[in-house]
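Colleague: Input: one structure, supplied below.
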Amino acid sequence: MMTFHQHLLRALVEARAVAVLTGAGVSAESGVATFRDPNGLWAKFRPEELASMDGFLKNPALVWEWYQARREVIERVTPNPGHYALAAMQAWYAERGGALTLITQNVDRLHHRAGSTDVLELHGNIVENYCSRCTRPHDYRYSDNPDVKEPPRCSYCGGMIRPAVVWFGEMLPVNILAAAHHAAEHCDVFLSIGTSAEVYPAAGLPLEAKQHGALLVEINPHPTVLTRYADEVIAAPSGEALPQLFEQMRLLSSAASI
Ligand code: OAD
């Protein structure tokens, strides 16, 4: 059983607005690789080759196959207790007239599968696809076509179909980023979970929240560039920490209302 500071539990119970930023670490316990850990994807692959428009144009089949392999993993795995705890916390705040805004850098859709709603996907998702030339959405589904080795062609313009993720050098979706900034600036507590906080603009959100008066909490088994700015650090895997944190919040809340 983990113990948390009473003032953290109290802040979470009393909060009206909570914002959460998640990164690849939240899905690590589901079996999805992170990027910057010693066994992470960027230890084995070059981001500019696989996650940029230049890389895609130079070697479309390589990039497509890499995304197909990641899709295969994501279809096979399931959300872990950390994903479920965040979904349950979101419902709990909503029942009490508050709100938990879930902002994620993850493209794996595991938050959706765990039941979270209105997820702000800053980096898009790996499930949907669109035409790299005319930008029309394309209804390619990995599960229907697991063996497609090259990007399919757009039926309107013949352009190559690409995954609906944000690549290096590309803009984040403007409305989603604006909603994330709004949530950061108006929350009472901001939780940064399972992210190295190294990729901007997402990495700027936790400090933006703190500058606007939020309590900044980090959940990560390893220190990050954010750790020294955090008001509370829970140095544990999110799949273990989040269910216990939520359980203890509920205990405190029911004790307070007796
Ligand atoms: P990183 O791989 O940079 O960081 C993952 C973080 O998760 C690290 O700080 C780990 O310590 C932590 N971690 C590992 N296991 C954990 C666990 N069980 N519980 C909690 N934390 C754990 O991943 P991101 O910060 O998500 O962007 O990377 C940000 C962006 O860089 C990604 O969205 C992706 C990548 O390039 C794009 O592709 C645009």
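Colleague: Do the conditions hold for His7, that is, is it out of contact with any Phe, Trp or Tyr (no Cβ under 9 Å at 6 or more places or on another chain), assigned to a helix (DSSP H, G or I) and surrounded by fewer than 17 Cβ atoms within 10 Å (Cβ to Cβ)?
Modeller: Against the criterion (out of contact with any Phe, Trp or Tyr (no Cβ under 9 Å at 6 or more places or on another chain), assigned to a helix (DSSP H, G or I) and surrounded by fewer than 17 Cβ atoms within 10 Å (Cβ to Cβ)), His7 qualifies.
Colleague: Would you mind finding the one in Ala51, Ala17 that is of a type in the set (Gly, Ala, Ser) and under 28 Å from Ser254 (Cα atoms)?
Modeller: Answer to the check: Ala17.
Colleague: Since Leu12 meets every condition but one in (1) within 16 Å of Leu110 (Cβ to Cβ); (2) in contact with a helix residue (DSSP H, G or I) (Cβ under 7 Å, 6 or more places away or on another chain), which condition does it not meet?
Modeller: Answer for Leu12: the failing condition is (1).
Colleague: Being surrounded by fewer than 21 Cβ atoms within 10 Å (Cβ to Cβ), closer than 30 Å to Ala15 by Cα and either at pLDDT 95 or above or out of contact with any Lys or Arg (no Cβ under 8 Å at 6 or more places or on another chain) (or both) narrows it down to one residue among Ala88, Ala69; which is it?
Modeller: Ala88
Colleague: For region 161-171, does any single residue satisfy the condition of being free of Cβ contacts under 8 Å to residues at least 60 places away in the same chain, over 30 Å from Val13 (Cβ atoms) and away from the ligand (no atom under 16 Å from the Cβ)?
Modeller: yes
Colleague: Scan region 109-117 and give yes if some residue there is of a type in the set (A, V, I, L, M, F, W, C) and in the same structural domain as Ile234 (by TED's automatic domain parsing), otherwise no.
Modeller: Yes, some residue in region 109-117 is of a type in the set (A, V, I, L, M, F, W, C) and in the same structural domain as Ile234 (by TED's automatic domain parsing).
Colleague: Of all residues in region 22-49 being in contact (Cβ under 8 Å) with a residue 40 or more places away in the chain and more than 9 Å from the ligand (Cβ to nearest atom), which is most open to solvent (accessible area, probe 1.4 Å)?
Modeller: My answer is Glu48.
Colleague: Out of Gly194, Gly158, Gly204, I need the residue that is over 16 Å from the mean Cα position of the chain (by Cα) and of a type in the set (Gly, Ala, Ser). Which one?
Modeller: On the way: Gly194 fails: over 16 Å from the mean Cα position of the chain (by Cα); Gly204 fails: over 16 Å from the mean Cα position of the chain (by Cα).
That would be Gly158, the only listed residue that is over 16 Å from the mean Cα position of the chain (by Cα) and of a type in the set (Gly, Ala, Ser).
Colleague: Now for a separate question. Can you say whether Asn125 is surrounded by fewer than 19 Cβ atoms within 10 Å (Cβ to Cβ) and of a type in the set (S, T, N, Q), as far as the supplied structure shows?
Modeller: It is false that Asn125 is surrounded by fewer than 19 Cβ atoms within 10 Å (Cβ to Cβ) and of a type in the set (S, T, N, Q).
For every residue, the table says whether it meets (1) over 21 Å from the mean Cα position of the chain (by Cα); (2) within 16 Å of the ligand (Cβ to nearest atom); (3) surrounded by fewer than 18 Cβ atoms within 10 Å (Cβ to Cβ).
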residue	(1), (2), (3)
Ala15	yes, no, no
Ser52	no, yes, yes
Leu57	yes, no, yes
Glu65	yes, no, yes
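Colleague: Which residues, taken from region 80-118, are of a type in the set (Val, Ile, Thr) and over 15 Å from Ser192 (Cα atoms)?
Modeller: Across region 80-118, the qualifying residues are Val107, Thr117.
Colleague: Please go through region 224-258 and pick out each residue that is over 22 Å from Trp92 (Cβ atoms), within 18 Å of the chain's Cα centre (by Cα) and of a type outside the set (A, V, I, L, M).
Modeller: Across region 224-258, the qualifying residue is only Thr224.
Colleague: While we're looking at this one, here's another question. Could you list, in sequence order, all residues of region 91-106 that are open to solvent by 20 Å² or more (accessible area, probe 1.4 Å) and within 15 Å of the ligand (Cβ to nearest atom)?
Modeller: Gln105
The values are calculated or read from the model by the stated rules, or taken from the named source; none is laboratory data. For clarity, every value in this text was computed on a predicted model and none was experimentally measured. Because the Cβ atoms are built from the backbone with ideal geometry, glycine has one as well, and the counts that use them run over all protein chains shown. Areas reflect the complete protein model, heavy atoms only, side chains present, ligands, DNA and RNA absent. Shrake-Rupley method; radii C 1.70, N 1.55, O 1.52, S 1.80 Å.
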